[in-house]
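Engineer: Attaching a single structure in structure tokens format; questions to follow.
No lab work stands behind these numbers, since they all come straight from the coordinates. Because the structure is a prediction, the values reported are computed rather than measured. With ideal geometry, Cβ positions are generated from the backbone for all residues, glycine too; neighbour counts draw on all protein chains shown.
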Amino acid sequence: NAGVTQTPKFQVLKTGQSMTLQCAQDMNHEYMSWYRQDPGMGLRLIHYSVGAGITDQGEVPNGYNVSRSTTEDFPLRLLSAAPSQTSVYFCASRSTGAGAYEQYFGPGTRLTVT
Amino acid sequence: GDSVTQMEGPVTLSEEAFLTINCTYTATGYPSLFWYVQYPGEGLQLLLKATKADDKGSNKGFEATYRKETTSFHLEKGSVQVSDSAVYFCALRRDKSGANNLFFGTGTRLTVIP
């Protein structure tokens, strides 16, 4: 049981480049989400999904796209990277069943945009 | 909207000292409240939770009580260890139909010195 996995762990991009951050979970969780973590700002929600084929925007969605074609995978796409997107990105998942409170986080991807 | 205000850090304590990290929240209704911990180089892990007023969450010697009258959920530990050095995040989730997204505070970095 790997939990939530993210790749890559580190990435450096030039301004204007695109890339996809990968996230996968093997717990059959319906809910998945992406956060960015910046100093002094905590974690801010970028996008989330409550099931395959369903996605929605969080607090800071601009510049990011997501899709959810399977229960297991929830990739985050940066369409045209900007220095303001330098951050640590965390993927998370949880069950949506009654009494399911714990959200499981991946180890993070540290992205630098120059 | 929903928000969490957390004590500014960093906090540095000697081993066996008493720890308090303050957290207050703003939300409509009766949210569930959480403390997450992030050890160096890792993702976040759930430390404890409380789902209704006057509930006390506890784990690994840490405690927090859901105080509706003061909209607070302060984290405490009677005797900290070096291994408790980490970043601590207070979070809330407004339990309603739908996504029930987590909203995080800015995090408090704790360093425990021997």
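Engineer: Give me the number: length gained by fully extending A:Thr114 to A:Glu59, i.e. 0.36 nm times residue separation minus the C-alpha to C-alpha distance, one decimal in nm.
Structural biologist: 17.4 nm
Engineer: Apply 1/(1 + (r/R0)^6) to the Cβ-Cβ distance of A:Arg44 and A:Glu102, taking R0 = 25 Å, and write down the FRET efficiency to the nearest 0.05.
Structural biologist: 0.80
Engineer: Report the extension gain between A:Ser67 and A:Gln22 in nm, rounded to one decimal, defined as 0.36 nm multiplied by the number of residues separating them, less their alpha carbon distance.
Structural biologist: Taking 0.36 nm per residue and subtracting the Cα distance, the gain is 15.1 nm.
Engineer: Right, next: With charges only on Cβ, +1 for K and R and -1 for D and E, what is the dipole size of chain B about its Cα centre, in debye, rounded to 20?
Structural biologist: Dipole of chain B, to the nearest 20 debye: 380 debye.
Engineer: Let me know the charge dipole size of the range A:16-114 about its Cα centre in debye, to the nearest 20, where only the beta-carbon of Lys, Arg (+1) and Asp, Glu (-1) is charged.
Structural biologist: The calculated dipole for the range A:16-114 is roughly 260 debye.
Engineer: Continuing with the same structure: Positive end of the dipole of the protein assembly as shown, charges at C-beta (+1 Lys, Arg; -1 Asp, Glu), about the Cα centre: which of B:Ser85, A:Asn1, B:Leu19 has its Cα farthest in that direction?
Structural biologist: Positive-most Cα among the choices belongs to A:Asn1.
Engineer: How large is the dipole of the protein assembly as shown about the Cα centre if only Lys and Arg carry +1 and Asp and Glu carry -1, each at its Cβ, rounded to the nearest 20 debye?
Structural biologist: 400
Engineer: When a/c reaches 1.5 or more, the comparison of a/b and b/c decides; with that in mind, is the range B:25-100 rounded, prolate or oblate per its Cα gyration tensor?
Structural biologist: In terms of gyration-tensor shape, oblate.
Engineer: Using the Cα atoms of the protein assembly as shown, I'd like the radius of gyration and the largest Cα-Cα distance, Dmax, both in angstrom.
Structural biologist: 17.6, 51
Engineer: Next question. Would you calculate the volume per residue, in Å³, of the smallest convex hull containing every Cα atom of the range A:44-114?
Structural biologist: Spread over its residues, the Cα hull of the range A:44-114 gives 94 Å³ apiece.
Engineer: Here's something else I'd like to know. Of B:Met7, A:Met19, how do they rank once you tally other Cβ atoms within 10 Å and put the fewest first?
Structural biologist: So the ranking, lowest neighbour count to highest, is A:Met19, B:Met7.
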